[in-house]
Amino acid sequence: MQKKTGNLKLFNGIIAAVAILFGILTIKSGGQVLFGDDSNRIAAGNYVPFVLWFNFLAGFIYVVAGLGILLCKSWSMWLALLIALTTLSVFATLGVHILTGGAYEPRTVAAMTLRSTAWVAISVFLFRNMEKGANHVA
């Protein structure tokens, strides 16, 4: 039982680090396009503004969720679920945008696939490993 608890804490630490790093990188890349010079916007190609803004703002929430996971706070699993659901919603809206002829970058679809998969997986992990009635996960 001790080994299982140790492994869960290790996985929590890894997931927290991934969430925080993912958030920082998301803020940096989104911020460069939103607030950088024209060369950043040109390099981004046919970016979709609502997806860009969502991802930029979500980056801050990724960091908060990562910190919650690191501190083993039960609210972090709910926040991870919220991130997963809103990301899937924005991804679906992107799909509608594409299907109705909107311009987009294929790398945006790849990035949204990665984000959706990551946050669904994080949510599943956190919910499966939550201690019943405890104030923390894993």
Accessible area (Å², per residue) of the stretch 1-89, counting only protein heavy atoms and a probe of 1.4 Å:
57 Å²
Efficiency of FRET between A92 and S39 - r from beta-carbon atoms, R0 35 angstrom, step 0.05
0.65
To the nearest 10 degrees, the tilt of helix 49-70 (Cα long axis) against the first principal axis of the alpha carbons of the chain is 20 degrees
Towards the positive end of the charge dipole of the chain, with charges on Cβ (+1 Lys, Arg; -1 Asp, Glu), say which of A111, A16, G6 has the farthest Cα.
G6
Carbon and sulfur %, accessible surface of the chain computed with the full protein complex present, 1.4 Å:
70 percent
Can you pull the accessible area of Y47 for me, 1.4 Å probe, Å² to the nearest 10?
80 Å²
Which cross-chain or sequence-distant (5 or more) residues have an amide H under 5 Å from the amide H of M130, H modelled 1.01 Å from N in plane?
A138
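The values are calculated or read from the model by the stated rules, or taken from the named source; none is laboratory data. The shown structure was predicted, so the numbers you read here are calculated from the model rather than taken from an experiment. Virtual Cβ from ideal backbone geometry, glycine too; neighbours counted across all protein chains shown. Heads up: the accessible areas ignore ligands, DNA and RNA and are worked out on the full protein's heavy atoms, side chains in. Shrake-Rupley method; radii C 1.70, N 1.55, O 1.52, S 1.80 Å.
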